[in-house]
Structure formats: structure tokens, C-alpha cells
Amino acid sequence: LAALSPRELEVLSLMAQGLSNTAIAGSLVVSAGAVEKHISSIFTKLDLAPSEHEHRRVLAVLRYVAGE
């Protein structure tokens, strides 16, 4: 998590609260596209590659909750 920017941590925190991308965008007063870019960056920085067997959003939130 140390590699994430303050805004990425904010987005991840809102993800952990169960908010959708649209709700995150509204909360942060940014576009949905900006939220998607932040989430993509979070996945990259947390080394969460696309997978048919794992849900990256859930894995990112689990890392956030665990404080990794």
C-alpha cells in the first residue's frame, strides 16, 4: 500500500466501503473515467494482474483491510 498515492488510497478506501465506480466518482467529484484510471493504477501497483479465477477488486480491498 505504501506505493499508492493519497488519491489512490482514498479510492481504495471507498472501494472497501462497497461503493461502485460511479459512487466513488460522485464522492470525489471526478469523472468515472478518472476513477477507472485510479483503480487500474492501484491494480498495477499492487501487482494484481487480470485473472479468470480471481477478482482483482476484492483482492485489492482485502490487502487494504489487512494493511499490507
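The values are calculated or read from the model by the stated rules, or taken from the named source; none is laboratory data. Quick caveat: nothing in here was measured; it's all calculated off a predicted structure. Because the Cβ atoms are built from the backbone with ideal geometry, glycine has one as well, and the counts that use them run over all protein chains shown. Quick note on the areas: whole protein, heavy atoms, side chains included, nothing else; ligands and nucleic acids left out. Shrake-Rupley method; radii C 1.70, N 1.55, O 1.52, S 1.80 Å.
Here are the numbers for this structure:
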{"quantity": "FRET efficiency estimate (nearest 0.05) - Cβ-Cβ, residue 49 to residue 16, R0 22 angstrom", "calculated": "0.60"}
{"quantity": "Residues residue 3 and residue 28, FRET efficiency given R0 of 22 Å [Cβ-Cβ distance, rounded to 0.05]", "calculated": "0.65"}
{"quantity": "Accessible carbon and sulfur surface of the chain relative to its total accessible area, %, 1.4 Å", "calculated": "55"}
{"quantity": "Helix-only CD estimate at 222 nm, as mean residue ellipticity for the chain, using -39500 (n - 2.57) per DSSP H run (n ≥ 4)", "calculated": "-19500 deg cm²/dmol"}
{"quantity": "Segment 12-60, dipole about Cα centre (Lys/Arg Cβ +1, Asp/Glu Cβ -1), debye to the nearest 20", "calculated": "140"}
